[in-house]
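Scroll down for the structure; my scribbles are underneath it.
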Amino acid sequence: VQLQASGGGLVQAGGSLRLSCAASGLTFNNYDMGWFRQAPGKEREFVAAIDWSGRSTKYAESVKGRSTISRDNAKNTVYLQMSSLKPEDTAVYYCAATLARLVIANRVAEYDYWGRGTQVTVSS
């Protein structure tokens, strides 16, 4: 299984970014997908997740209203659109996959596969 995240970069506060995560080696529409982030010196934290169908989503309070997670099962890709970015959003962003569940997972330990991450830096 490979999860390849991309789309990170340097952006000014208030700006927007769209992260993508291309999955291979798994039956994509059998998996819920999540985005997590890890800032230097901090633990990895949940950002957003989407169920296998794309009909159900979950967000961390810190990004709710500023971010939208979506997926394209035909392209085996999950996206995270982030807007109104803040310096505290600076982190390495990781995508992750877990077999579809009744309740969308939001803990690191619940995810089976991880990508390498993409750096997002928000300047003030």
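State the number of residues belonging to the stretch 5-50 that are β-branched (Val, Ile, Thr), under 15 Å from the mean Cα position of the chain (by Cα) and over 23 Å from ASN73 (Cβ atoms). Full working, then the answer.
Going through the stretch 5-50, the residues β-branched (Val, Ile, Thr) turn out to be 11, 27, 47, 50.
Those left that are additionally under 15 Å from the mean Cα position of the chain (by Cα): 47, 50.
Those left that are additionally over 23 Å from ASN73 (Cβ atoms): none.
Residues flagged as β-branched (Val, Ile, Thr), under 15 Å from the mean Cα position of the chain (by Cα) and over 23 Å from ASN73 (Cβ atoms) within the stretch 5-50 amount to 0.
Close contacts from the stretch 1-27, counting a first residue that is touching a residue at least 40 places away in the same chain (Cβ under 8 Å) and a second that is among the β-branched types (Val, Ile, Thr) and open to solvent by 70 Å² or more (accessible area, probe 1.4 Å), with Cβ to Cβ under 6 Å and a gap of 6+ residues or different chains, come to LEU26/VAL1.
With respect to VAL78, is the statement that it is touching a strand residue (DSSP E or B) at 6+ places or on another chain (Cβ under 7 Å), part of a strand (DSSP E or B), within 17 Å of ARG18 (Cβ to Cβ) and among the β-branched types (Val, Ile, Thr) true? Yes. Looking at the structure I just gave you, is ARG18 part of a strand (DSSP E or B) and open to solvent by less than 20 Å² (accessible area, probe 1.4 Å)? Criteria not met by ARG18. For ILE69, the conditions (1) over 11 Å from the mean Cα position of the chain (by Cα); (2) part of a strand (DSSP E or B) are fulfilled apart from (1). Residues in the stretch 84-106 that are in contact with a strand residue (DSSP E or B) (Cβ under 7 Å, 6 or more places away or on another chain) and assigned to a loop (DSSP other than H, G, I, E, B): LEU85, LYS86, THR90, ALA100, ARG101, ILE104, ALA105, ASN106.
Across the stretch 21-39, the number of residues qualifying as of a type in the set (A, V, I, L, M) and in a strand (DSSP E or B) comes to 3.
Which residue out of SER53, SER62, SER83 is over 10 Å from the mean Cα position of the chain (by Cα), polar (S, T, N, Q) and over 16 Å from GLY14 (Cα atoms)?
Result: SER53 is the single residue among SER53, SER62, SER83 that is over 10 Å from the mean Cα position of the chain (by Cα), polar (S, T, N, Q) and over 16 Å from GLY14 (Cα atoms).
Looking only at the stretch 1-15, count how many residues are assigned to a strand (DSSP E or B), of a type in the set (A, V, I, L, M) and open to solvent by 30 Å² or more (accessible area, probe 1.4 Å). Talk me through it step by step, then tell me what you get.
In the first step, residues of the stretch 1-15 are kept if they are assigned to a strand (DSSP E or B); the result is 2-6, 9-12.
Add one more test, that the residue is of a type in the set (A, V, I, L, M), and what stays is 3, 5, 10-11.
Okay, now just the ones that are also open to solvent by 30 Å² or more (accessible area, probe 1.4 Å), so 10.
Summing the residues that are assigned to a strand (DSSP E or B), of a type in the set (A, V, I, L, M) and open to solvent by 30 Å² or more (accessible area, probe 1.4 Å) in the stretch 1-15 gives 1.
Is there a residue being polar (S, T, N, Q), over 13 Å from the mean Cα position of the chain (by Cα) and part of a strand (DSSP E or B) anywhere in the stretch 108-120?
Initial filter on the stretch 108-120 (polar (S, T, N, Q)): 118-119.
Add one more test, that the residue is over 13 Å from the mean Cα position of the chain (by Cα), and what stays is none.
Checking the stretch 108-120: not a single residue is polar (S, T, N, Q), over 13 Å from the mean Cα position of the chain (by Cα) and part of a strand (DSSP E or B).
Would you pick out the residues in the stretch 37-77 that are among the hydrophobic types (A, V, I, L, M, F, W, C) and without any contact (Cβ under 8 Å) to a residue 12 or more places away in the chain? Matches in the stretch 37-77: ALA74 only.
If we keep just the residues of the stretch 26-66 that are touching a helix residue (DSSP H, G or I) at 6+ places or on another chain (Cβ under 9 Å) and of a type in the set (Ser, Thr, Tyr), which is least open to solvent (accessible area, probe 1.4 Å)? Looking at residues that are touching a helix residue (DSSP H, G or I) at 6+ places or on another chain (Cβ under 9 Å) and of a type in the set (Ser, Thr, Tyr), I get SER53.
The values are calculated or read from the model by the stated rules, or taken from the named source; none is laboratory data. The model shown is predicted, which means the values in this text are computed figures rather than measured ones. Note that each Cβ is placed from the backbone with ideal geometry, even for glycine, and that neighbours are counted across all protein chains shown. Please note that ligands, DNA and RNA were not included when accessible areas were found on the heavy atoms of the full protein model with its side chains. Shrake-Rupley method; radii C 1.70, N 1.55, O 1.52, S 1.80 Å.
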